[in-house]
Amino acid sequence: MADNFIGINRGALDDVPSSITVGSSTGSKDIELRVDTGKGTTRQDVIKALEAIRNYILSNGYQSAANLPPN
């Protein structure tokens, strides 16, 4: 398994892409995405997955499950 992590802190969201960290770990970041590149995951696979996750969050699914405030 080859993991690639992409992370960002909440306060840095307006300073994209310079505030994004990419590497083998971004544990100190508020928000992190892990992509298993050992399975042949493509850029298009990641984009489709991010769109699905975004739609799930916008439908309040994630908010309910994790008790996150809406804003």
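The values are calculated or read from the model by the stated rules, or taken from the named source; none is laboratory data. In this text, all values refer to a predicted model and were calculated from it rather than measured experimentally. Ideal geometry is used to build each Cβ from the backbone, glycine not excepted, and the neighbour counts take in all protein chains shown.
Are there any pairs with C-beta distances below 7 angstrom linking a residue in the range 24-41 that is more than 11 Å from residue 2 (Cβ to Cβ) to a residue that is part of a loop (DSSP other than H, G, I, E, B), with the two at least 6 apart or on different chains, and if so which?
29/9; 30/9; 32/26
Strands (runs of 3 or more DSSP E) wholly in the chain with at least 2 residues that are surrounded by 13 or more Cβ atoms within 10 Å (Cβ to Cβ) and modelled with pLDDT of 85 or more - which ones?
3-8, 31-36
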